[in-house]
Amino acid sequence: MSLEDDLLRIFGSHRVAFIMDKLKIPENEPIEHGIISKAIENAQKKVEGHNFDIRKHLIEYDDVMNKQREVIYDQRREVLAGENIRETFNAIIEEMVEDIIATFCPEKVAVADWNISGMVDDFISQFNFEPQLPELEDKADSSILDEPLKEQVFTQLLRKEAEFTPEVLEHLMKVLLLQTIDSQWKDHLLSIDHLKEGIGLRGYAQQNPKEEYKREAYSLFVQMMGRIRQEVLHKLFLIQLVQDDDVERLEAEQRRRKVITNRSDEEDRVSKPITRDEEKIGRNDPCPCGSGKKYKKCCGK
């Protein structure tokens with residue numbers, strides 16, 4: 001090992017170099033002394049401690065994602081096994097209705113200050129039907145909306161079940177839930193990567209980057225779970241069966257478009273004959289420019 005190696009250069013080789021200069025030791029002569037061995041040992045300990053701290057921080061950051069990953073994978077396994085699909089959707093519906101009510105009709109707020117129109121619009125956007133609201137008294141609280149709205153949503157779900165049959169509806173629930181979880185999880189991983197890239201800068205603001213990472217990663221995870229609920233319910237209540245007449249109409253329209261496309265391609269491939277509006281000038285004819293020369297010796301070169 002040379003005293004110019006990075007290990008010794010960074011961790012105190014100047015002291016050893018000073019001793020070598022004092023003792024007039026030749027530059028290329030091997031050094032065997034306890035001081036040198038101790039310096040190398042101390043340098044190795046410092047490097048190993050630094051690397052250990054790096055690995056420790058990486059594990060602590062990865063633990064946050066591992067816990068989130070376990071939650072998502074447990075949900076996917078339950079869906080793939082077909083366990084409690086209907087119960088899962090019932091719980092999602094109840095949570096979504098409660099969230100809508102809490103957002104637009106918060107507790108400890110007078111009925112006159114509730115955003116009823118906003119709640120109805122959000123309800124229509126989420127469940128694809130307009131709810132029938134009960135009569136609201138001046139001293140009523142938000143709990144008066146809870147049961148009627150949930151009952152209307154479950155009634156709409158039963159109509160959907162009668163239209164699709166229970167087996168088809170459960171299969172549809174399974175497919176929608178899996179697709180939505182996978183899509184939102186991929187977006188969440190990308191958001192976590194962006195968060196991890198810049199979280200170290202929080203130290204300049206006298207904040208603990210690790211604690212800030214845990215807090216914001218949890219916030220992003222909660223937002224992702226909310227988007228999963230919203231998207232899967234929106235798709236479930238929006239989807240409709242296509243009737244036979246609609247299928248035939250769509251197939252006919254597709255065939256018509258294909259014929260038009262093929263016909264236009266053939267027309268483009270057919271070469272059109274070149275026509276001349278003026279009489280062709282022979283090479284030995286007088287040049288039309290009036291120079292008196294033959295066309296081949298003037299403009300026809």
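The values are calculated or read from the model by the stated rules, or taken from the named source; none is laboratory data. Everything numeric in this text was worked out from a predicted model, so none of it was measured. Methodologically, a virtual Cβ is constructed for each residue, glycine included, from the backbone with ideal geometry; neighbour enumeration extends over all protein chains shown. Ligands, DNA and RNA are excluded from the accessible area calculation, which covers all protein heavy atoms including side chains. Shrake-Rupley method; radii C 1.70, N 1.55, O 1.52, S 1.80 Å.
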Exercise. Of the conditions (1) touching a residue at least 60 places away in the same chain (Cβ under 8 Å); (2) under 21 Å from the mean Cα position of the chain (by Cα); (3) open to solvent by 50 Å² or more (accessible area, probe 1.4 Å), residue 187 fails just one. Which one is it?
Worked result: (1)
Exercise. Based on what the data block shows, is residue 173 open to solvent by less than 70 Å² (accessible area, probe 1.4 Å), in a helix (DSSP H, G or I) and under 21 Å from residue 222 (Cα atoms)?
Worked result: no
For this session: Scan (1) surrounded by 15 or more Cβ atoms within 10 Å (Cβ to Cβ); (2) more than 26 Å from residue 74 (Cβ to Cβ); (3) not aromatic (Phe, Trp, Tyr) for the single condition residue 203 breaks and write down its number.
Result: (1)
For this session: Give the stretch 208-236 a look and list any residue that's over 20 Å from the mean Cα position of the chain (by Cα) and either acidic (Asp, Glu) or buried (at least 18 other Cβ atoms within 10 Å of the Cβ) (or both), or say none.
Result: 209, 211, 212, 236
Exercise. Does any residue of the stretch 247-262 turn out to be at pLDDT below 75 and not in a helix (DSSP H, G or I)?
Worked result: no
Seminar exercise, completed: If we keep only residues of the stretch 83-118 that are loosely packed, with under 11 Cβ neighbours inside 10 Å and of a type in the set (Gly, Ala, Ser), then the residue nearest to residue 176 (Cα to Cα) is 117
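Any idea which residue in the stretch 137-170 is farthest from residue 113 (Cα to Cα), counting only those that are assigned to a helix (DSSP H, G or I), among the aliphatic types (A, V, I, L, M) and touching a Pro at 6+ places or on another chain (Cβ under 9 Å)?
Applying the filter and picking the extreme gives 153.
Scan the helices (runs of 4 or more DSSP H) fully inside the stretch 27-133 and keep the ones with 2 or more residues being farther than 28 Å from residue 226 by Cα, at pLDDT below 85 and among the small types (Gly, Ala, Ser).
On the way: elements: 34-81, 85-104, 116-127.
Counting at least 2 such residues, we get 34-81.
Of all residues being closer than 16 Å to residue 95 by Cβ and surrounded by 15 or more Cβ atoms within 10 Å (Cβ to Cβ) in the stretch 134-145, which is modelled with the highest pLDDT? Just the residue, please.
Step one: of the stretch 134-145, the residues closer than 16 Å to residue 95 by Cβ are 142-143, 145.
Filter once more, so that each one left must be surrounded by 15 or more Cβ atoms within 10 Å (Cβ to Cβ): 142, 145.
Values: 142: 78, 145: 88.
Residue satisfying both the conditions and the ranking: 145.
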Exercise. Here are some conditions: (1) modelled with pLDDT of 80 or more; (2) among the aliphatic types (A, V, I, L, M); (3) within 30 Å of residue 129 (Cα to Cα); (4) open to solvent by 80 Å² or more (accessible area, probe 1.4 Å). Residue 242 meets all but one. Which one does it not meet?
Worked result: (1)
